[in-house]
Every structure is written in structure tokens, then in C-alpha cells.
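Just below is one structure, and these are the notes that go with it.
The values are calculated or read from the model by the stated rules, or taken from the named source; none is laboratory data. The shown structure was predicted, so the numbers you read here are calculated from the model rather than taken from an experiment. Note: ideal-geometry Cβ built from the backbone for every residue, glycine included; neighbour counts use all protein chains shown. All accessible areas refer to the heavy atoms of the entire protein, side chains included, with ligands and DNA or RNA removed. Shrake-Rupley method; radii C 1.70, N 1.55, O 1.52, S 1.80 Å.
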Amino acid sequence: RGGGEVDDAMRRSLVNGCRVAAAELGRFFVQVSQMPRLDTDIFEKRYQLRQDIERNTVQSLQEHANMRAQRSLLSEKQKVIRDAKNEEAVHKEYTQEVRSVRWAFKDTTRHATLCDAPGCHKNCHVACGMERTLDKERFKRCNAFCCSQHYVLLRTPTERDEVLTHFQDRSCPYVVDEGEDETSLRTVLRAPHDFQFRGINLAADADIVSDDCLAARADLMSLEFPATIAIRSFDFSDPEVCKECGHSFKFHFHHEKLWVEEEFTMGIVDEATKAKYDQAHGFRQRQEELLRGMESQIKECQARQDKLGVGLVRKVCEFEDTGLLSDYAALLQNQRDLVQEHLSYTMSGSSDWDVSALQKVVDELDARLQTVKDALAGTRDKLEWAYAMLRIESTATLQEVEQSYSAISQRMRTAESTNPERIFQVDEAARILREHLRFAVRPRQGRFRLGR
């Protein structure tokens, strides 16, 4: 014992230990030699798939961030356009409608004596009885040159009766047209003698004109007050001057027209307001053009994100099919929980320690996990997502869909760690493809024409 010698009991114990170890090693060798050869390429494939998934996830996050920024700019642009529309609406009414009166030359059924002196709009003799002529000298015989008209406003029946005291109804021959023999008798009011009315001296044979026609007593008795009449009397003081317009006979002519005052509406433009409207209108149009460009970029970004999402689903499914883990999202969740536990432990130790790096890793894992979950939950193109979820191409038949679904469903339902949500996603993908393919192969119903 003191010189390094081993007693018999210990020697026998060591020998037995070595024999047992040799026997165990022998059995281990036998077991190892009987194991099938392992293809190590699977590890490289899984590594490459993991790299592809990480790359796809990063690209999806970048596209998502880009789209979020574009939508923020889009929202700002929409606000700018709304403000421009409000500004445009405020200054839209830059034209003010003004109602006024103007002279219009209207057609009539019978010619009248008119004046074409500059600025003259007098209807000198409406429904002139003279034969239509181009001879200016003949206009001196028109009633407009040999008769004066005095306009009287009658407000009450009493004033009307006062006028009638100077007139009597007479049946007078009325020449239809000068130069013709045809005449007719008309009852008109005529003054039997000279008289004065409201300070105006009027000669005998004066008559009354109402509504451009010679009036009889019955016409005045039916007037509605107030009413304006014209007392016409002969006036040969200056036969070369029209008693209506005061212009020479040389300006007069016959025409089947009359001067009429008509109302019209005219728009007056406020140039300052119009300039503000044009500025707001042009600015809005330019902003809307930019908005359409931004919307197009967002659509392109969304299309790229959808394509990346389908690709991510295919890579995740392929990764899960090559390993023991049947849920890639669970792998990311475990990594995230592990880092979060380390972060929480570090933060509980001392408040002076910098945990920003750990927090950044947790945030990145949260973003990647959410991206994977969103892709697995389904993209906007449900059909492409369903094909990717069942690991088949878009040219697959209904039979191939059923075969792939059966294999995946059986494997997932027999695994111990399968997420129920993933089982639901596979079931949903199979339902979408069944409905799509059954509708695609459904025969069209047509109408049959009977032969003769």
C-alpha cells in the first residue's frame, strides 16, 4: 500500500471493470456496424434551405418596410390632394352671373318702319300700312312722319274716363295696304275737335293706340290698370323728321322685324379668384398624377411581396420535409424565447448592463417569425399559396392534389410536435384546390339546336 502495490481485491475489481467495458464497446461496435449509412448531403441541403429561408425573409421584411413607407407617403399625398380640392372648391365660383337687358332684332309677320341711325332702336311705325318700298322720299308719307304720339299713363278708371271725354267711336275706312284698293271699316276712337289734355295741345281727328293697334272705346274699357296708351294726332310741322325717333327720313327703311328688349345673363370673371382656382386645379392634377404613380409602385411592391410569400412557403415546407422538426415557425419561436430569456436574466442582474444588442436580436426574430406566420397563413393569391402549401406545381391534377394532401396530412397527424394551426392550413389549401379544379373541369352547359 505504501510502496504503490495493489491488493488482490482491487486488482480483481479493475480486471472486471475492463472486461465489462470491453463487452459494452463490442456491443456498441456491433450496433454501429449494423446502422444504415447516413447521407450527409441532407445536412448541407438543410443548411442551404435555411439560408434561402433567411434570405427570403429578409427580402420580405424589406419589401414590407418599403411598402409601409410608400403607404405613409401615399397618405400624406392624399391629404395634400384633399387640401388642394378644398382650395379649388373655395375659388370655383370665380364667374359672377350678371343679368342685364339688350336690344334684339326679332322677326315679325308684317313689315314695320324702322330707323338705322347709329344707336337708334325705335320701332317708328309698327305694322306700317304703306306698301313696302326702297324709296326714301316715300317715308315722308308714313304716319311716323306726319303724326305725333303722346304716351299717357292711366292709373285708374277715372283717368281713363277723362280721356274718353275727348273721343268718340267712329267707323272709318282702313286701307289694308297702300297702293291697293282693298279697304275695311274699323271702329276706332277719334277726337271730333281740337283739345288739350295734361298740357298737351292735340288736333282734331286724333286717335288712340293701344298695344300697337288703333283702339275703340271697348278696348279701353277692358284695360287693366295701370296701362299706357298713345294719343296720336297729325303733325305736319317737319315732314322730313320722324316724330318717333327724331331722325331724318333718309335713315328709315321697311323690314319684317322689330326692336325688342330682352334679358340676358352675362358671366363676369374675377381674374384674381380665377387665378387662384387655376393654380389649385393645376396643383391637384399634378399631385393626382404623382399619386397614381405611387399607387402603381405599391401594387408592384405588393406583387413582389406576394411572390416572396409563396416562395417562402415552399422553402419552409421543403425544410420541414427534410428534417425531424415539422414546424419551422416553432423553431423560430424557440430561438426567440431563448434570447428573450437571456435578455430578461441579464436585465434582472444589473441596470448598468447594455442589453440593446439582445433587444435588437429579439425584435429581428419577432419580425422574422411574424413574416413566416403571415406567409404560412396565406397570401393574397390563395391559389398559389395552396399549391405551395401542398408542395405541388400549379399544373397538378386533382388526383395529385389528393395524393399530396394525404401524405402530408398523415405525416403531420402522426407527429408529436405538429401545430394544429398548420394542420388547418393544409386542410384549407386542399379545400381551395379541390374547389378550383372541380370548377375548372366542370362541363359547360349549352343549348342544343334541333335539326330540321
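Numbers at a glance
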read-out	value
Residue count, the range 391-402 (criterion: under 12 Å from residue 436 (Cα atoms) and either of a type in the set (Gly, Ala, Ser) or in a helix (DSSP H, G or I) (or both))	4
Residues of the range 316-333 classified as within 15 Å of residue 48 (Cα to Cα) and exposed (fewer than 15 other Cβ atoms within 10 Å of the Cβ), total	2
Selection count, the range 62-72, where residues are in contact (Cβ under 8 Å) with a residue 12 or more places away in the chain and either of a type in the set (D, E, K, R) or open to solvent by less than 50 Å² (accessible area, probe 1.4 Å) (or both)	4
Tally, over the range 297-315, of residues that are small (Gly, Ala, Ser) and open to solvent by 20 Å² or more (accessible area, probe 1.4 Å)	2
Contacts under 7 angstrom Cβ, first residue in the range 99-114 being of a type in the set (Phe, Trp, Tyr), partner surrounded by 11 or more Cβ atoms within 10 Å (Cβ to Cβ), 6 or more apart	103/121; 103/259; 105/257; 105/259
Strands (runs of 3 or more DSSP E) wholly inside the range 194-293 containing at least 2 residues that are surrounded by fewer than 14 Cβ atoms within 10 Å (Cβ to Cβ) and among the hydrophobic types (A, V, I, L, M, F, W, C)	252-269
Number of the condition not met by residue 343 [criteria: (1) modelled with pLDDT of 90 or more; (2) closer than 27 Å to residue 60 by Cβ]	(1)
Search result, residues across the range 73-92 that are touching a residue at least 24 places away in the same chain (Cβ under 8 Å) and either under 30 Å from residue 331 (Cβ atoms) or of a type in the set (Asp, Glu) (or both)	87, 88
For residue 394: the one exception among (1) hydroxyl-bearing (Ser, Thr, Tyr); (2) more than 23 Å from residue 304 (Cα to Cα); (3) modelled with pLDDT under 90	(2)
Pair list, Cβ < 7 Å and 6+ apart or interchain, from the range 281-301 residues that are on the phi < 0 side of the Ramachandran plot to residues that are among the acidic types (Asp, Glu) and in a helix (DSSP H, G or I)	281/88; 284/88; 301/63
In the range 136-167, residue nearest to residue 192 (Cα to Cα) [restricted to those that are in a loop (DSSP other than H, G, I, E, B) and open to solvent by 70 Å² or more (accessible area, probe 1.4 Å)]	165
Residue list for the range 363-391, filter: within 17 Å of residue 321 (Cα to Cα) and either in contact with a strand residue (DSSP E or B) (Cβ under 7 Å, 6 or more places away or on another chain) or open to solvent by 10 Å² or more (accessible area, probe 1.4 Å) (or both)	391
Qualifying residue in the range 73-91 (condition: surrounded by 13 or more Cβ atoms within 10 Å (Cβ to Cβ), at pLDDT 90 or above and closer than 30 Å to residue 313 by Cβ)	yes
Test: residue in the range 121-135 that is part of a helix (DSSP H, G or I) and not β-branched (Val, Ile, Thr)	no
Residue within the range 34-45 that is open to solvent by less than 60 Å² (accessible area, probe 1.4 Å) and either in a helix (DSSP H, G or I) or of a type in the set (D, E, K, R) (or both) present	yes
Subset of the range 111-135 [buried (at least 20 other Cβ atoms within 10 Å of the Cβ) and of a type in the set (A, V, I, L, M, F, W, C)]	112, 114, 115, 124, 128
Every pair of residues 6+ apart whose Cβ atoms lie under 9 Å, when the first sits in the range 33-49 and is closer than 23 Å to residue 314 by Cα and at pLDDT below 80 while the second is open to solvent by less than 100 Å² (accessible area, probe 1.4 Å) and not hydroxyl-bearing (Ser, Thr, Tyr)	42/323
Leading residue by the ranking (nearest to residue 435 (Cα to Cα)) among those in the range 403-420 that are open to solvent by 60 Å² or more (accessible area, probe 1.4 Å) and in contact (Cβ under 8 Å) with a residue 12 or more places away in the chain	411
